[in-house]
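Q: My questions will all concern the structure given below.
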Amino acid sequence: NAGVTQTPKFQVLKTGQSMTLQCAQDMNHEYMSWYRQDPGMGLRLIHYSVGAGITDQGEVPNGYNVSRSTTEDFPLRLLSAAPSQTSVYFCASSYDRGPYNEQFFGPGTRLTVL
Amino acid sequence: DAKTTQPPSMDCAEGRAANLPCNHSTISGNEYVYWYRQIHSQGPQYIIHGLKNNETNEMASLIITEDRKSSTLILPHATLRDTAVYYCIVSGDMRFGAGTRLTVKP
């Protein structure tokens, strides 16, 4: 199993550009989520999904869109990039969102917005 | 804010036990306590979890108080490679706080 994969690993954008961060998992996990981590800070939840076709907002959803058309994929879209979105983005998955929900994290995408 | 509070940093001597505390006074009856760690800027890695009994695996031990309002992660023989940020989270919350930065010193 590849686990959780994220592409790209690094990205530089100009203010106002849009892009999609890709996340995929091959563990047949129902629950997937996106976090951002700013320098010296903990992880903050952006959006999550409890299954295909179902998404919901986390702590810091503004400026981001998600969709979940398949169990495997959970892309994160930045509609109009801003310097405040410079961060490291982690995708995670787990079997479900119940009490037993060990999360598996991807390696992260390091995004810089100029 | 996350439902857990942790000290921002701790030091530990190599070979000694590292005891990392976590307070989760508002934990609900069916919520588990999970511990993760993040080495450098890698994705967080699962360590251990528990409900109300003490748990042990090949990486660590987890001690949960009887009232479940706090817990302690124990790394029995810390090595330099255990230097990382350790996060304690509650399963129903899914939010990571700032964690504890553990530095293992030779």
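Table: residues versus (1) under 21 Å from A:L13 (Cβ atoms); (2) away from chain B (no Cβ under 14 Å); (3) part of a strand (DSSP E or B).
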{"site": "A:N65", "(1), (2), (3)": "yes, yes, yes"}
{"site": "A:R68", "(1), (2), (3)": "no, yes, no"}
{"site": "A:T71", "(1), (2), (3)": "no, yes, no"}
{"site": "A:R77", "(1), (2), (3)": "yes, yes, yes"}
{"site": "A:A81", "(1), (2), (3)": "yes, yes, no"}
{"site": "A:V88", "(1), (2), (3)": "yes, no, yes"}
{"site": "A:A92", "(1), (2), (3)": "no, no, yes"}
{"site": "A:D96", "(1), (2), (3)": "no, no, no"}
{"site": "A:L111", "(1), (2), (3)": "yes, no, yes"}
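Q: Still on this structure, I have one more. Kindly indicate which of B:M94, B:M10, B:M59 is away from every other protein chain (no Cβ under 11 Å) and modelled with pLDDT under 95. Talk me through it step by step, then tell me what you get.
A: On the way: B:M94 fails: away from every other protein chain (no Cβ under 11 Å); B:M10 fails: modelled with pLDDT under 95.
Criteria check complete, one pass: B:M59.
Q: To continue, here is another question. Are there any pairs with C-beta distances below 6 angstrom linking a residue in segment A:19-32 that is of a type in the set (D, E) to a residue that is in a loop (DSSP other than H, G, I, E, B), with the two at least 6 apart or on different chains, and if so which?
A: Here the result reads A:D26/A:N1; A:D26/A:A2; A:E30/A:D96, each pair linking segment A:19-32 to a residue that is in a loop (DSSP other than H, G, I, E, B).
Q: Here's something else I'd like to know. Can we say B:R81 is in contact with a strand residue (DSSP E or B) (Cβ under 6 Å, 6 or more places away or on another chain), among the basic types (K, R) and either within 14 Å of another protein chain (Cβ to nearest Cβ) or within 27 Å of A:F90 (Cα to Cα) (or both)?
A: When the stated conditions are applied, B:R81 does not pass them.
Q: Could you tell me which of the residues A:Y95, A:Y100, A:Y48, A:Y31 is under 11 Å from the mean Cα position of the chain (by Cα) and at pLDDT below 95?
A: Going through A:Y95, A:Y100, A:Y48, A:Y31 in turn, just one is under 11 Å from the mean Cα position of the chain (by Cα) and at pLDDT below 95: A:Y48.
Q: Which residue, of A:F105, A:F10, is farther than 28 Å from B:T100 by Cβ, within 14 Å of chain B (Cβ to nearest Cβ) and of a type in the set (F, W, Y)?
A: One residue alone meets the criteria, A:F10.
Q: Which of the strands (runs of 3 or more DSSP E) contained wholly in chain B include at least 3 residues that are surrounded by fewer than 18 Cβ atoms within 10 Å (Cβ to Cβ)?
A: Strands (runs of 3 or more DSSP E) meeting the threshold: B:9-13, B:18-23, B:100-105.
Q: Of the residues that make up segment A:34-57, is at least one closer than 30 Å to B:K52 by Cα, without any contact (Cβ under 8 Å) to a residue 12 or more places away in the chain and surrounded by 16 or more Cβ atoms within 10 Å (Cβ to Cβ)?
A: Checked segment A:34-57: at least one residue is closer than 30 Å to B:K52 by Cα, without any contact (Cβ under 8 Å) to a residue 12 or more places away in the chain and surrounded by 16 or more Cβ atoms within 10 Å (Cβ to Cβ).
The values are calculated or read from the model by the stated rules, or taken from the named source; none is laboratory data. None of the values given here were measured: they were computed from a predicted structure. Glycine also receives a Cβ, built like all others from the backbone with ideal geometry; neighbour counts cover every protein chain displayed.
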